[in-house]
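Please read the structure below before turning to the comments.
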Amino acid sequence: MNRQLSLPAPATIVTRRRFLHRAGAATAGVLAAGGFIATGTVAGALLAADALTAEAAAMRDDAAIAREADALLTDAVRQQLFRGSVLIARAGKIVLHKGYDWADVAHHIPNTRHTRFRIASITKQFTAMAILQLQEQGKLHVHDLVSEHLPNTPAAWRQITLQQLLTHTSGIPDYMNFPNFAAVMTRTLSPEQLIGLFRDKPLDFRPGSRWKYSNSGYNVLGYIVALRSGLSFPRFLQRHIFTPLGMADSGYDVNHPALPAHATGYASWTRPAAYMDISVAYADGSLYSTVGDLYRWDQEVTSAHPRLVSRQTMREMFTPYVPTDASHPGSMAYGYGWYIGAQGGRRYIDHTGDINGFLADNGFFPDDKVTLIVLSNLESDAGLRQITGHLAGIIFGLADCVEMRSPCVEM
């Protein structure tokens with residue numbers, strides 16, 4: 001459940017499987033992406049020979065950015081490439097906060113700035129935060145072995161640490177890649193039953209020896225949150241994250257969310273997405289949110305004085321522990337639930353999500369104080385990749401980024 005926007009080096013192209021991520025670069029800027037409800041990155045290069053300098057781009061008028069971004073998104077709707085909600089903020093000021101097209105086509109319910117969407121793998125950021133909160137409470141540590149907290153740990157898992165689960169270096173195979181997943185995804189599963197889908201499978205590699213995106217590891221983490229806190233995973237997030245941050249439009253989703261607050265997911269422009277029981281996503285992709293609530297979250301994790309954990313602990317979340325492609329020096333690194341890049345002249349941190357009927361991207365450029373959040377209830381990979389890249393191009397003043405058919409972004 002996931003994907004992302006990062007900063008690969010100019011004139012570099014890296015391709016990965018659909019469940020991982022693609023990255024690219026071109027002279028005017030590039031967007032790359034990949035992911036399913038399981039992977040997490042969409043990457044885009046925003047440094048080019050004809051790009052404005054960071055200083056010049058920072059001087060762009062907010063009203064002009066909002067006007068150009070709105071024109072782009074309106075045109076994307078016309079081309080049936082996008083429906084959803086978008087938030088752009090710069091230097092603590094919201095520049096654009098708006099919904100586009102229908103939250104539900106049949107009932108003619110529009111998307112608004114308050115519409116709730118499934119955020120898929122962006123869920124992992126909240127699972128990681130729950131682990132860090134329990135660490136500060138002294139109930140576990142990221143360097144603990146999984147076997148210290150999980151009853152009847154499989155023999156193959158006994159050298160796996162919580163940090164390896166957080167950074168996708170455990171070797172536990174991703175259950176969403178199993179051949180029978182299409183049948184499994186319609187079942188209601190308890191956390192124990194969900195973990196049972198993969199607990200006896202052989203590891204993909206020796207723990208800690210490489211990186212490979214795995215939703216399975218985050219479900220183990222969610223179960224450990226429940227075991228160590230004495231609260232269910234949804235209740236822990238509500239009590240310790242959503243309520244303290246005032247995220248009133250975020251939570252653990254239900255199988256049939258009510259209109260008009262929650263968007264309906266679409267596989268194509270008019271066809272609703274295939275059913276997936278939300279229990280199958282659990283701690284790797286089960287949450288819903290709004291662009292406004294995710295902006296609250298991004299403000300918290302980038303604050304000099306965070307409320308949920310100490311600043312020192314927050315730094316652990318954004319430490320680039322492992323490259324996602326060891327063979328390519330320009331690849332994004334992975335922290336705890338975030339992809340982290342430092343190429344192309346701008347640091348960029350984000351995670352994407354992809355689950356039946358929904359796509360999501362939550363990212364920010366910390367040095368430029370820019371946040372870009374896109375939530376969509378349309379499964380259109382090409383649409384989200386193009387839109388996110390074009391919006392970044394508009395924000396930073398890259399040429400030819402207003403119309404979708406322009407050469408601003410190369411896939």
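What follows is calculated from the coordinates using simple rules that are stated; it is not laboratory data. Quick caveat: nothing in here was measured; it's all calculated off a predicted structure. Because the Cβ atoms are built from the backbone with ideal geometry, glycine has one as well, and the counts that use them run over all protein chains shown.
Which entries in Lys98/Lys212; Lys124/Lys212; Lys124/Lys201; Lys139/Lys369 show an alpha-carbon gap greater than 25 Å? Going by Cα-Cα distance, Lys98/Lys212; Lys139/Lys369 fall outside the 25 Å limit. The residues His141, His240, His305, when put in order of fewest to most other Cβ atoms within 10 Å, stand as His305, His141, His240. Computed from backbone phi with θ = phi - 60° and the Karplus coefficients 6.51, -1.76 and 1.60, the 3J(HN,Hα) list for region 276-282 is 9, 5, 5, 5, 6, 8, 6 Hz; x is used for glycine and proline. Shape class for region 85-199, computed from the alpha carbon gyration tensor (a ≥ b ≥ c): oblate, with a/c not under 1.5 and a/b at or below b/c.
Amide H contacts under 5 Å for Thr264: Asp104, restricted to partners 5 or more places along the chain or on a different chain, H placed in the peptide plane at 1.01 Å from N.
For region 191-336, what is Rg from Cα atoms divided by 2.2 N^0.38 Å, rounded to two decimals?
With N residues counted in region 191-336, Rg over 2.2 N^0.38 Å equals 1.21.
Ranking Phe181, Ser216, Asn152 by Cα position along the charge dipole of region 107-260, where only Lys, Arg, Asp and Glu carry charges on their C-beta atoms, puts Phe181 farthest toward the positive end.
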